[in-house]
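All of the numbers you see were taken from the coordinates with simple rules; none came from a lab. Just so we're clear, the structure is a prediction, and the values are computed from it rather than from any experiment. Backbone-built Cβ (ideal geometry, glycine too); neighbour counts: all protein chains shown.
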Amino acid sequence: MTTIKQLSTALPALLLILLLCTCDRAQPHEEGDGHDHDAPTEKMASDDHDGHDHDDEHGDHEEEEGIHLTTAQIETMDIGFGDFTDIKINDYVTATGTMDLPPNGYADVSARATGFVRNSRNYVEGDYIKRGATLGYLENPDFINHQQRYLELTAELVFLREELDRQETLLAADAGILKNVQRLRSDVASKTAQLAGTRQQLEYLGISTADLTTDNITNRITLFAPRSGYITTIAMHDGMYVEPATKLMELIDQDHFHLELDVFERDVAKISKGQQLTYTVPSLGPGRYTAEVHVIGKEFNEENKTVRVHAHPTGEQPPFVRGRFVEARIFLTDQTVQALPEEAVLRDGEMAYIFIASTESTGDEVEFERLPVRAGITDNGYTAVTLIEPLPTGMRVVTEGAYFVYAQSQAGELEHEH
């Protein structure tokens, strides 16, 4: 292709030289005939110079021409045409953060007394358990003493109340002694308090006193799950000696999980409570989830120049893992703008442009032109576009395959340089 162009450029000069040579043979000139024999040389030099100018002009004309593609190329490259679309695109602020839980989203499981763990269930981290589920048992001989004391106090209180009733009857008949009645009343009150305290101790340990008899005294109590949730850590096992301060496992309630996002200082003023946001979890793929700004922090992080924003998830959410990294977009506005598919807008540094073509083409070729534009935000696959100059009448926009048109233009420029 380059050879053909070079030949077409040199051909006019070759024809001119042949014509001059023919004229010289047909009409020879003599000295003094008024003709300057040096003129042909100068004329040829001038013609050569003109030919060079014409060559440059021809080259410039080719570079000014648009990009040409055949209909077959357009079909092969899946180049599509369309027009601007009026859609709502949200401007947004980007932020990063993690999944987290409020303090009341955690629950430590511990024993209510000292003892040895028996028959612990085979739970592992990540298991979900419901409130009240049996985790294992705790054995301690002191549990027997508490139940024995409760039964003894119950029996003593029955006797004291009966004796008090008898002494009050005697006192009413002037046959009793007031001092004995007063002593019995004090004893009944004391034993009643002791019995109530012992009952509360047993209830706290999980031992019911309603049906407690000498036949069902036990040396073990049940370890229950205090709430529903997922197990994050577990340390209990059979034979383990524990105290009330011993942490047996940790449960989390993911129904209350939230996002802890770090927003840069320059963007904090744009954030307000109730703004909607979407976020992705890079470790899980491109899926997007929704949330809402709930609390804007009041403390500035000097290290990374950010402010903490607390957001509550809405709708369907990904599996919760505490500390999992997320990337978020906090939406600021909801405006209707002219937009094109994201792939239709090509960026070159700070500049952006689109390709356009005539709606009416002749022959087998379509000519494309590059049109500078101002590109705005991109959302849901569309980019807001502002025209610097009006779209010429009768032109259509390349909405699909713009990159292939760009590649063709680059190939054309390389060819002209060659």
Query raised in the report: Taking the Cα centre of the stretch 141-218 as the origin, how large is its charge dipole in debye, to the nearest 20, when only Lys and Arg (+1) and Asp and Glu (-1) carry charge on their Cβ atoms?
Result: 280 debye
Report task. Give me the distance in nm between label points sitting 7 Å out from Cα along the Cα-to-Cβ direction at Leu171 and Asp127, one decimal. Result -> 6.0 nm
Query raised in the report: Mind listing the phi-derived Karplus ³J(HN,Hα) values for the stretch 135-145, rounded to whole Hz, using 6.51, -1.76 and 1.60 with θ = phi - 60°, and x for any glycine or proline?
Result: 9, x, 9, 10, 10, 6, x, 4, 5, 5, 4
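Ranked from highest to lowest mean number of other Cβ atoms within 10 Å per residue, what is the order of the peptides 116-127, 88-99?
The peptides rank, most packed first, as 88-99, 116-127.
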Query raised in the report: Within the stretch 245-273, whose backbone N sits under 11 Å from a point 7 Å along Cα→Cβ of His294?
Result: 255-260
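Provide the FRET efficiency to the nearest 0.05 for the Asp86-Phe116 pair, computing r from the beta carbons and using R0 = 51 Å. Please list the in-between numbers first.
Working: r = 73 Å, r/R0 = 1.43.
It comes to 0.10.
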Requested in this report: Would you mind computing, in nm to one decimal, how far apart the modelled labels at Arg347 and Thr314 are, each placed 7 Å from Cα along Cα→Cβ?
Outcome: 2.8 nm
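Highest mean first, what order results for 368-380, 294-306, 193-205, 394-406 on Cβ atoms within 10 Å?
Details: 368-380: 17.0, 294-306: 11.2, 193-205: 15.4, 394-406: 18.6.
Put in order of decreasing packing, that is 394-406, 368-380, 193-205, 294-306.
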Report task. Highest first, please rank the peptides 132-142, 152-162 by the mean number of other Cβ atoms sitting within 10 Å of their residues. Result -> 132-142, 152-162
Query raised in the report: Hey, quick one: spin label on Ser190, modelled 7 Å out along Cα-Cβ, who in the stretch 164-178 has an amide N within reach, i.e. under 13 Å?
Result: none
**Report entry** Phi-based couplings in Hz for the stretch 231-240 (Karplus 6.51, -1.76, 1.60; Gly and Pro marked x)
**Finding:** 7, 9, 9, 8, 10, 7, 7, 4, x, 6
**Report entry** the stretch 92-103 - phi-based ³J(HN,Hα) in whole Hz, Karplus 6.51/-1.76/1.60, Gly and Pro as x
**Finding:** 8, 10, 8, 8, 10, x, 9, 6, 8, 10, x, x
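Gain in length, Ala210 to Ile377, computed as 0.36 nm per residue apart minus the alpha-carbon separation, to one decimal in nm?
Working: separation 167, 0.36 × 167 = 60.12 nm, distance 6.98 nm.
Stretched fully, the Ala210-Ile377 segment lengthens by 53.1 nm.
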Query - Zone of Thr233's modelled label, taken as backbone nitrogen in the stretch 303-336 under 18 Å from a point 7 Å along Cα→Cβ - result: 321-324
Report task. Express in whole angstrom the spacing between the alpha-carbon centres of the stretch 145-208 and the stretch 334-413. Result -> 95 Å
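Under the 0.36 nm per residue contour assumption, what length would be gained going from the current alpha-carbon distance of Arg396 and Gln73 to full extension?
Result for the pair: 114.5 nm of gain on full extension.
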Query raised in the report: What is the distance, in nm, between label points placed 7 Å from the Cα along the Cα-to-Cβ direction at Thr98 and at Glu243?
Result: 3.1 nm
